[in-house]
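Heads up: the structure comes next, in structure tokens.
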Amino acid sequence: MVKNGEDFVVFDAKTGEEITRSVLTQIIFEQENKEGGQNLLPIAFLRQLIRFYGDSMQMLVPRYLEVSIESLTREQEKFRNQVAQAFGVGAFTSLEEHVRRNMDMFERAFTMFAPFARRESQNAETAAELEKQPTKSGDIDDLKRQLDEMKLKVDRLAEKGPSGE
């Protein structure tokens, strides 16, 4: 209801007392304490807010916060409209695709600096595909023989050393 912008009032079922403020505060508390969630209320803000309790400025704080959040909401809507005008109707969809393309490009560029990591990943995928395919016992024996031959070649290369001696 809150996210839909609906105004509502909450009453305690037993006492009939209005508890809207407590319920909304509890929702904020739970959101702020969610693991991996985003914290909207910085610690410095919370400390300053606590300092206002009992201060002579206390009565001005609620109205100031209301005006500030209304202004932020209007600016957010203006920003969304500007993005939509700049990029077209599906602005956020095209932005998501743009981000995906950038990530793909980044991954390709990264493989130039770590080509072996990419090859290992591809080899693992190929091995997984091979495991899914039915094999004949002769094929497995042939693969084992080829693997043994490769191990021997690697051992010989290792014995010669880096200079090829």
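Provide 79, 8 ordered by accessible surface of protein heavy atoms (probe 1.4 Å), highest first.
Greatest to least solvent exposure: 79, 8.
For 60, 24, give the ranking by accessible area with the largest first, probe 1.4 Å.
In descending accessible area the options line up as 60, 24.
The values are calculated or read from the model by the stated rules, or taken from the named source; none is laboratory data. Just so you know, these numbers come straight off a predicted model, no measurement behind them. Each accessible area value is taken on the protein alone, full model and side chains, heavy atoms only, with ligands, DNA and RNA left out. Shrake-Rupley method; radii C 1.70, N 1.55, O 1.52, S 1.80 Å.
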